[in-house]
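Participant: Can you keep this structure in mind? I'll have questions shortly.
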Amino acid sequence: MATTDLDTLERDLLSQVEAASDEAALETVRVAALGKKGSVSELLKTLGAMTPDERKARGPLINGLRDRVQGALAGRREALAEAALEARLAAERIDVTLPLREAPDARGRIHPISQVMEEITAIFADMGFSVAEGPDIETDELNFTALNFPPGHPAREMHDTFFLAPDAQGKRKVLRTHTSPVQIRTMRSKAPPIRVIIPGRTYRHDSDQTHTPMFHQCEGLVIDKAANIANLKWVLEEFCRAFFEVEAVKMRFRPSFFPFTEPSAEVDIQCSRKGGEIRFGEGTDWLEILGCGMVHPNVLRNCGLDPDEVQGFAFGVGLDRIAMLKYGMPDLRPFFEADVRWLDHYGFRPLDVPSLVAGLTA
Ligand code: PHE
């Protein structure tokens, strides 16, 4: 091959190297030049057949060509790798100053009723109460009769009961009108001393700004040999102080009537209402928050307990009511409308679990 041909080959190869736009194209060029059967390799093979003089003259030319092609290949490979890295860095560029998108556990909200149930459970657990539960669909016997509402007693009418269709025996179950039937279930299934709270759903045929057909109560029941009204007052005062997160609350016990307690009382707590805002632990107004009393001897007897041996007290708090009071929600109905905007506003962060140590509403 003449020297000019070598020059042409070299120019050709070098421009192919320059034109290779990625690793694969560059490799094709390399194989065509320096592979086993590549154009430069073929030239190198011809050296073997030459006379020493010829080889002396041609050797450096061909070797020089091979070195320059190799050098160009290496240079191009490096340039391509660099360009690829640049492109990747540009594509993966992130702006670390952008605000974070909130993860689901930060955006989700706990419903105020669930929150209040957690708060109450934390408060009463601290006083040694455990939690009991019962079914929403209840027998007439447990919702009324065993609680000392005799059949046909007018107190039954006050409950605006939802009845289910009669069964084969003609008995109609009810949607429980209060959590009190779980008092009976508890006293029939476990021996005193008893110290339980019973949060849950309750139902009455009623609907306006502060009443919904389904609402929530929390029952409390203490049975032992000596539980008395003084204990009841202390427990309720402790509860109100802790729940409303104030130093002291004044409470007022008004005589009342429930068939299953004797004596019975309704409890008001002191508050002030300035500028439409309710505050506890101050002021001259009163707000009713719960019903309570000493468990009626007939109820104890209905559960196989001897009123001469044991006694106790019970109370029932309207959870929706105290949630509205504590968190300043004027209307009860949105509680159950599942409007995410309402929940965003009034709901609680899922990881802020209420505890007496960390604070109920951290
Ligand atoms: N069950 C009563 C109600 O729903 C409240 C209550 C419970 C009263 C326990 C006294 C004792 O109105």
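The values are calculated or read from the model by the stated rules, or taken from the named source; none is laboratory data. The structure presented is a predicted model; accordingly, all values stated were derived computationally and were not measured. In this analysis, Cβ positions are derived from the backbone assuming ideal geometry, glycine residues included, and neighbour counts consider all displayed protein chains. The protein model used for the area step is the full one, side chains on, heavy atoms only, and it has no ligands, DNA or RNA in it. Shrake-Rupley method; radii C 1.70, N 1.55, O 1.52, S 1.80 Å.
Participant: Return the pair list, or none, for Cβ contacts closer than 9 Å from residues in the stretch 70-81 that are under 11 Å from L14 (Cα atoms) to residues that are outside any helix (DSSP H, G or I), at least 6 apart or on different chains.
Facilitator: Pairs found: L73/A20; R76/A20.
Participant: Looking at (1) open to solvent by less than 10 Å² (accessible area, probe 1.4 Å); (2) more than 17 Å from I194 (Cβ to Cβ); (3) within 10 Å of the ligand (Cβ to nearest atom), which is the one condition that is false for I269?
Facilitator: It fails just one condition, (3).
Participant: Within the stretch 251-362, considering only strands (runs of 3 or more DSSP E) that don't extend past its boundaries, which have at least 1 residues that are at pLDDT below 85 and within 30 Å of F149 (Cα to Cα)?
Facilitator: So the answer is 285-295.
Participant: Would you mind stating whether V116 is within 16 Å of the ligand (Cβ to nearest atom), at pLDDT 90 or above and open to solvent by less than 50 Å² (accessible area, probe 1.4 Å)?
Facilitator: No: the conditions fail for V116.
Participant: Let me confirm something: among L236, L232, L221, which residue is assigned to a strand (DSSP E or B) and either open to solvent by 10 Å² or more (accessible area, probe 1.4 Å) or not basic (K, R) (or both)?
Facilitator: None of the others qualify; the one that does is L221.
Participant: Scan (1) in contact (Cβ under 8 Å) with a residue 40 or more places away in the chain; (2) within 14 Å of the ligand (Cβ to nearest atom) for the single condition R254 breaks and write down its number.
Facilitator: Failed condition: (1).
Participant: Go over the candidates G359, G304, G312 one by one and state the one that is farther than 22 Å from K250 by Cβ and in contact with a strand residue (DSSP E or B) (Cβ under 7 Å, 6 or more places away or on another chain).
Facilitator: Just a single option satisfies the conditions, and that option is G312.
Participant: Next up: Can you pull out the residues in the stretch 222-238 that are hydrophobic (A, V, I, L, M, F, W, C) and under 30 Å from the mean Cα position of the chain (by Cα)?
Facilitator: Hit for the stretch 222-238 is L236, nothing else.
Participant: Give L319, L360 a once-over and let me know the one that is within 22 Å of the chain's Cα centre (by Cα), surrounded by 16 or more Cβ atoms within 10 Å (Cβ to Cβ), outside the structural domain of P213 (by TED's automatic domain parsing) and farther than 23 Å from R188 by Cβ.
Facilitator: None of the others qualify; the one that does is L360.
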